[in-house]
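Notes for the one structure printed next.
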Amino acid sequence: MALEKFQTQIGNITSAIVGEKLDISLTKKLNHMFPPDGPIFQGVKATCISAIEEGWMCNRGDDSLKFGRIIKDLDGFSVDVVLMNNVVGPHHRHPEGEIDMIMPLSDDAKFDGNGVGWLVYGPNSAHQPTVTDGKAIILYLLPDGAIEFTDI
């Protein structure tokens, strides 16, 4: 039942952005449509916190980096959730781009230098995902589930 609720919550977001170009304008659009203090964003965050506590989300990894793919395909996006605690994650490339929903659990936590809200990486971008100054949940949407882990 909790997974169905989560899928419905995320479906409200993915259905609104199907076909959108992954760029800075989408970051602005997401922050406007689904603001961090709004009911959809807060609902997703609450579901993620509960699901992590229940053990069905972010059930792989260790205390600094827990992760898992929750949905393989929802409106053309895979849905992954990562719980990061002052850690630098593995370098990877986004062939089709990546949409990040940043949900700090510590007041000052930042993901790739960004606080609470949305961050969009365009196609063929790459990074080493980093959470500083605390703990955060990062939900990321990948078009077609496309991600390539790389050695740098």
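The values are calculated or read from the model by the stated rules, or taken from the named source; none is laboratory data. Remember, predicted model here, so these are calculated numbers, not experimental data. FYI the Cβ positions are ideal-geometry reconstructions off the backbone, even for glycines, and counts take in every protein chain you see.
Here is a yes/no grid of residues against (1) at pLDDT below 95; (2) crowded, with 18+ Cβ neighbours inside 10 Å; (3) touching a Pro at 6+ places or on another chain (Cβ under 9 Å); (4) assigned to a loop (DSSP other than H, G, I, E, B):
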residue: 69; (1), (2), (3), (4): no, no, no, no
residue: 73; (1), (2), (3), (4): no, no, no, no
residue: 84; (1), (2), (3), (4): no, yes, yes, no
residue: 118; (1), (2), (3), (4): no, yes, yes, no
residue: 132; (1), (2), (3), (4): no, no, no, no
residue: 152; (1), (2), (3), (4): yes, no, no, yes
Name every residue in segment 102-116 that is outside any strand (DSSP E or B) and of a type in the set (S, T, N, Q), in order of residue number.
106
In segment 86-101, which residue that is part of a strand (DSSP E or B) and in contact (Cβ under 8 Å) with a residue 60 or more places away in the chain is farthest from residue 146 (Cα to Cα)?
101
Taking residue 108 as the residue in question, decide whether it is free of Cβ contacts under 8 Å to residues at least 24 places away in the same chain and within 20 Å of residue 132 (Cα to Cα).
no
Within segment 62-79, can you find the residues that are over 26 Å from residue 19 (Cβ atoms) and touching a residue at least 12 places away in the same chain (Cβ under 8 Å)?
63, 64, 65, 66, 67, 68
Just give me the residues in segment 14-50 being in a helix (DSSP H, G or I), surrounded by 14 or more Cβ atoms within 10 Å (Cβ to Cβ), touching a residue at least 40 places away in the same chain (Cβ under 8 Å) and not small (Gly, Ala, Ser), in sequence order.
14, 17, 26, 27, 30, 31, 41, 44, 45, 47, 48, 49
Taking segment 51-67 as the search range and keeping residues that are in a helix (DSSP H, G or I) and not aliphatic (A, V, I, L, M), which one is farthest from residue 88 (Cα to Cα)?
54
